[in-house]
Structure formats: structure tokens, C-alpha cells
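Here's the structure we're looking at; comments come further down.
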Amino acid sequence: MKIRVGIVGGAGYTAGELIRILLHHEFVELAAIVSFSNAGNPVYQVHDDLVGDTELLFTAELAGDEDVVFLCLGHGNSKVWLEKHPLPEATTIIDLSNDFRLVADAEFGNREFIYGLPELNKVRIQQAQSIANPGCFATAIQLALLPLAAAGKLTDDVHVSAITGSTGAGQSLSETVHFSWRTNNVSIYKPFTHQHLGEIGESLMQLQPQLDADVHFIPYRGNFSRGIFASVYTPSDLTQEEAQELYREYYAEAPFTTVSEKEIHLKQVVNTNKCLLHVQKIGKQLLITSAIDNLVKGASGQAVQNMNLVFGLPETTGLNLKSVLF
């Protein structure tokens, strides 16, 4: 039996990545790809990396018999869409916006959205009917910090600098994604106030309830299209060997998160569902570097990973993707 999948908001970057992954997922049938502005047009006319891969057309509405629906709508729009288009309780929802990520927003009608970070909530995800997919920056930063929180070893403020590609801003046109602005350029935005700080804080408190430390986060816009590279550091009494062992043990059963002995770089993860981590102690500071693809592990790949867990499949199904190093 195939899992019948619907995608709402099918013209955006995250939907394009979902389609790319799911077309080659052996247990999936794409039932409907909804795009209000493209209904009736071939999917490959918008996502032209799919030329020759599919003849599917965008639709104006769902088929109505989907087993799972991915919401690839802009932030704030998923809740509005669900209010207008309620789905059967038996239909699994995986939302890629920030509408349901925080505990205060998790209840919606008869549904409770579970925060979909598998390295944190794998068992709860397996039992869930509604998933709030994590943010991209939040994924990279949390994976750099979860082992410390789980061991009660976050004892001081955390400082984060992280840079993201232009696809992190979505497909809508703005000055800061314009080629002539973005190329040969770097800038910060939302320093210390980024919206992903809320979900990061809740996850850390879940593992270390007595946490008394702040996360100071400065996001950067990078002059490349995709990927996130984060540098995370905090004072620690752990030795480098103790920290490395702590991270290896925490992620021993996590198929996509790997602790690298060598320093990492962004090209190792682009186009994959991997998170690579590197841990080193410099003086009193424990430095963790984290790299993901913002559109895959930071969005659509993680959404498919969550779908696999919900439907009892190996979480790697359809996600054995290789980076393009050269």
C-alpha cells in the first residue's frame, strides 16, 4: 500500500524539495499538489529541476483521500488555511510553517501538534497525528546543543553565529534576495530576536528543566543559495574527549546526525538530510560547529523523516541523498 500524499502551497522552495524527494520514495503516491496560482499547469514549469521526472499537474484543491498532507505555506497561513479547509482527523498533517511549533500554539481544534525534531521527540512523533516541523536555524542550533542539555551541562550563556543561504528567505522577492544585493555581500538580520529562539529555548528546557542560561543568536545572510553553518560556543567544564563522547552517545541512534572528528564545511551537507557536527574545546569554551541544508534537514527532508516515523517506516526511507562536493 502506498501512502497518499497531498502538498498545499506547491510552488515554493520547500514544496519543490518535497516533490523531488517524494517522487523517488518507494512507499509514496503523490495524490495532489495544490497551488492556487498554478492550478492546471505542469509541476515542472515551476520546479524546472523536475523536467523529465514527472508529468503531474498542480491542482486547485486536495484529492480528499490523502493519508498525509504537508502544509508548505508562509508563516501564519497554515492556521488560516486549516480553518477554511478542515481535514479529517485520520489525516496526518505535517506543517512546515512556524504556526504550531511553540507549546502555546500546539493545540488546534482536536489536534495537538508535536514538535518534529526526531533527535529530540522520536517516540512522540511515531505516535503523532499532527507534526510541527522545526525551523531551519532552530534545527542546526538545537542539534548542536541537545547533548549538553540532556546531560544537564548547559551551565552558562550560549553564543551563536549562523549563516544561511538565500533560499532561507523563501521565494517572495525582496531587496535582500536580489542578485545584485546578495552577491559578494554578507549582512546580519534580527540579531538576538530571531523567531526560532522560542522553539530552541523550549527544546532545551524539555531536556534540562532547570536551565538558567540565555541563547544569544546573530543570524547572517550568506551570498550562496542553500545551507546553514552555525558556530555555537559556551563555557564548559567538560574536556574535549568527554564532550565528543557525550555527543557520540547522544546521536548513536540518529541516522542523519554525525559527529565528525575533522572540521566540517557546508558542501558536505548540501542536498542531503544530514547534520554534521564538530566539537572542540578551546580554553574554557566548548565550540560546536553545525552544518545542514536549510531546505532538506532544515525543512522538507526532515518533514519526510517525520512522515516515515509516523507511518512506521525506517526514518531513512527515500532520504539517502548524497552531497555535491565539487
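Would the range 287-297 turn up any residue that is farther than 24 Å from Ser166 by Cα and either touching a strand residue (DSSP E or B) at 6+ places or on another chain (Cβ under 8 Å) or not charged (D, E, K, R) (or both)? Yes.
Quick check on my filter: what residues within the range 105-119 are more than 15 Å from the chain's Cα centre (by Cα) and in a loop (DSSP other than H, G, I, E, B)?
Once the filter is applied, which keeps residues that are more than 15 Å from the chain's Cα centre (by Cα) and in a loop (DSSP other than H, G, I, E, B), the range 105-119 yields Ala106, Gly109, Asn110, Phe113.
Only a single item in (1) at pLDDT below 95; (2) surrounded by fewer than 17 Cβ atoms within 10 Å (Cβ to Cβ) is not met by Glu242, and it is number (1).
Taking the criterion of being of a type in the set (A, V, I, L, M) and under 12 Å from the mean Cα position of the chain (by Cα), the residues of the range 296-317 that qualify are Val296, Ala299, Ala303, Val304. Looking only at residues of the range 247-295 that are in a strand (DSSP E or B) and loosely packed, with under 15 Cβ neighbours inside 10 Å, we find that the one that is nearest to the chain's Cα centre (by Cα) is Gln280.
Let's see how each residue does on (1) assigned by TED's automatic domain parsing to the domain that holds Ala90; (2) within 18 Å of Cys72 (Cα to Cα); (3) at pLDDT below 90; (4) among the aliphatic types (A, V, I, L, M):
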| site | (1), (2), (3), (4) |
| --- | --- |
| Phe113 | yes, yes, no, no |
| Ala149 | no, no, no, yes |
| Thr155 | no, no, no, no |
| Glu199 | no, no, no, no |
| Gln210 | no, no, no, no |
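For the range 214-228, residues that are more than 18 Å from Gln195 (Cα to Cα) and surrounded by fewer than 22 Cβ atoms within 10 Å (Cβ to Cβ) total 4. Pairing each residue of the range 202-226 that is in contact (Cβ under 8 Å) with a residue 12 or more places away in the chain with any residue that is among the acidic types (Asp, Glu), provided the two are 6+ apart or on different chains, yields C-beta distances under 8 Å for Ala213/Asp156; Ala213/Asp157; Asp214/Asp157; Val215/Asp157; His216/Asp157; Arg226/Asp293. Counting the residues of the range 37-48 that are closer than 16 Å to Thr14 by Cβ and of a type in the set (Phe, Trp, Tyr) gives 0. The number of residues in the range 96-113 that are buried (at least 20 other Cβ atoms within 10 Å of the Cβ) and closer than 16 Å to Gly198 by Cβ comes to 6. If a residue must be buried (at least 20 other Cβ atoms within 10 Å of the Cβ) and not hydroxyl-bearing (Ser, Thr, Tyr), how many such residues does the range 26-53 contain? Final tally of qualifying residues: 9.
Of all residues in the range 76-95, which are surrounded by 14 or more Cβ atoms within 10 Å (Cβ to Cβ) and either over 19 Å from Val28 (Cα atoms) or out of contact with any strand residue (DSSP E or B) (no Cβ under 8 Å at 6 or more places or on another chain) (or both)? Spell out how you get there, then give the answer.
Of all residues in the range 76-95, those surrounded by 14 or more Cβ atoms within 10 Å (Cβ to Cβ) come to 77-79, 81-82, 87, 91-95.
Within the range 76-95, Asn77, Ser78, Lys79, Trp81, Leu82, Leu87 qualify.
Consider the range 211-246. How many of its residues are within 22 Å of Leu321 (Cβ to Cβ) and assigned to a helix (DSSP H, G or I)? Give the steps one after another, and end with the answer.
Of the residues in the range 211-246, the ones within 22 Å of Leu321 (Cβ to Cβ) are 222, 224-230.
From what is left, the residues that are assigned to a helix (DSSP H, G or I) are none.
Selection size over the range 211-246: 0.
Against the conditions (1) closer than 17 Å to Gln129 by Cα; (2) without any contact (Cβ under 8 Å) to a residue 40 or more places away in the chain; (3) acidic (Asp, Glu), Asp53 satisfies every one except (1). Residues that are touching an Asp or Glu at 6+ places or on another chain (Cβ under 9 Å) and surrounded by fewer than 21 Cβ atoms within 10 Å (Cβ to Cβ) within the range 120-150 comprise Lys122, Gln129, listed in sequence order. Of the residues Ala138, Ala63, Ala128, the single one that is part of a loop (DSSP other than H, G, I, E, B) and in contact (Cβ under 8 Å) with a residue 60 or more places away in the chain is Ala128.
For the range 1-25, which positions are more than 19 Å from Gln302 (Cβ to Cβ) and either over 20 Å from the mean Cα position of the chain (by Cα) or free of Cβ contacts under 8 Å to residues at least 40 places away in the same chain (or both)?
Initially, the range 1-25 is screened for residues more than 19 Å from Gln302 (Cβ to Cβ), giving 1-2, 4, 11.
Result: Met1, Lys2, Arg4.
Quick check on the range 42-52. Is at least one of its residues part of a loop (DSSP other than H, G, I, E, B), of a type in the set (S, T, N, Q) and either in contact with a strand residue (DSSP E or B) (Cβ under 6 Å, 6 or more places away or on another chain) or at pLDDT 95 or above (or both)? Walk me through it before giving the result.
The first filter runs over the range 42-52 and keeps only residues part of a loop (DSSP other than H, G, I, E, B), leaving 47, 51-52.
Cutting the leftovers down to of a type in the set (S, T, N, Q) gives us none.
Scanning the range 42-52 turns up no residue that is part of a loop (DSSP other than H, G, I, E, B), of a type in the set (S, T, N, Q) and either in contact with a strand residue (DSSP E or B) (Cβ under 6 Å, 6 or more places away or on another chain) or at pLDDT 95 or above (or both).
The values are calculated or read from the model by the stated rules, or taken from the named source; none is laboratory data. If you're wondering where the values come from, they're calculated on a predicted model, not measured in any experiment. Every residue, glycine among them, receives a Cβ derived from its backbone with ideal geometry; neighbour counts consider all protein chains shown.
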